[in-house]
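For reference, the structure discussed in these notes is given below.
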Amino acid sequence: MGPSGSGKTTLLTLIGSLQSVQDGNLSILGQELLNASKEQMMLTRRHIGYIFQAHNLLNFLTVYQNVEMALEIQDVTKVAADARIRAVLTAVGLEHQMNYFIQTIYPVDQNSVSRSPVLWSVSLKLFWQMNAQLRWIKNWDDRL
């Protein structure tokens, strides 16, 4: 929400712990990111959900498998992961399509799949494009 070159993407990458802070102070979720190690930044990222404009889904995976990929970086048992995936896909109305390949579902449903991983247990949600996505997450946040 500003002109090109005003620092919107830089701010989001700093808040998202995707880029190291070079000067000043930035504390996200109680973690100071100035001079943070790569491990500290990685641990911070585990509590942040990202919603991008592009879907970034893998066509050769099913709906379930695309959502499952987001849990691979978290310390979650297979049983707990399965429960989370099924809950979030049910919340977005895709419980009957979880075994479908991505290219076989409607684009609007692909949107839901790409946004689903941020619905569970993240402390901070970052939106790379603030418009319909913000309304979408507000509507579904209360269901989980």
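The values are calculated or read from the model by the stated rules, or taken from the named source; none is laboratory data. Computed from a prediction, not measured in an experiment: that's the story for all the values here. Neighbour counts run over all protein chains shown; Cβ positions are idealised from the backbone, glycine included.
Is there a residue being at pLDDT 80 or above, surrounded by fewer than 18 Cβ atoms within 10 Å (Cβ to Cβ) and β-branched (Val, Ile, Thr) anywhere in the stretch 53-62?
Scanning the stretch 53-62, I find no residue that is at pLDDT 80 or above, surrounded by fewer than 18 Cβ atoms within 10 Å (Cβ to Cβ) and β-branched (Val, Ile, Thr), so the answer is no.
Please find, within the stretch 87-120, the residue that is modelled with the lowest pLDDT out of those that are in contact with a strand residue (DSSP E or B) (Cβ under 9 Å, 6 or more places away or on another chain) and either hydroxyl-bearing (Ser, Thr, Tyr) or part of a loop (DSSP other than H, G, I, E, B) (or both).
If we take residues in the stretch 87-120 being in contact with a strand residue (DSSP E or B) (Cβ under 9 Å, 6 or more places away or on another chain) and either hydroxyl-bearing (Ser, Thr, Tyr) or part of a loop (DSSP other than H, G, I, E, B) (or both), then Trp120 is modelled with the lowest pLDDT.
Pairs, please: C-beta under 6 Å, at least 6 apart or cross-chain, first residue part of a helix (DSSP H, G or I) and in the stretch 57-75, second hydroxyl-bearing (Ser, Thr, Tyr)?
Listed by first residue and then by second, the contacts come to Val63/Tyr100; Val67/Ser116.
Here is a list: Arg45, Arg84. Which entry is touching a Phe, Trp or Tyr at 6+ places or on another chain (Cβ under 9 Å), at pLDDT 70 or above and basic (Lys, Arg)?
Arg84
Among the numbered conditions (1) free of Cβ contacts under 8 Å to residues at least 40 places away in the same chain; (2) buried (at least 16 other Cβ atoms within 10 Å of the Cβ); (3) aliphatic (A, V, I, L, M), tell me where Ala80 comes up short.
Checking Ala80 against (1) free of Cβ contacts under 8 Å to residues at least 40 places away in the same chain; (2) buried (at least 16 other Cβ atoms within 10 Å of the Cβ); (3) aliphatic (A, V, I, L, M), the one that fails is (2).
Please determine, by comparing only the residues of the stretch 89-110 that are in contact with a helix residue (DSSP H, G or I) (Cβ under 8 Å, 6 or more places away or on another chain) and of a type in the set (S, T, N, Q), which one is nearest to Asn56 (Cα to Cα).
The qualifying residue nearest to Asn56 (Cα to Cα) is Gln110.
Which one is surrounded by the most Cβ atoms within 10 Å (Cβ to Cβ) among residues in the stretch 1-19 that are hydroxyl-bearing (Ser, Thr, Tyr) and over 17 Å from Arg46 (Cβ atoms)?
For the stretch 1-19, the residue satisfying everything is Thr9.
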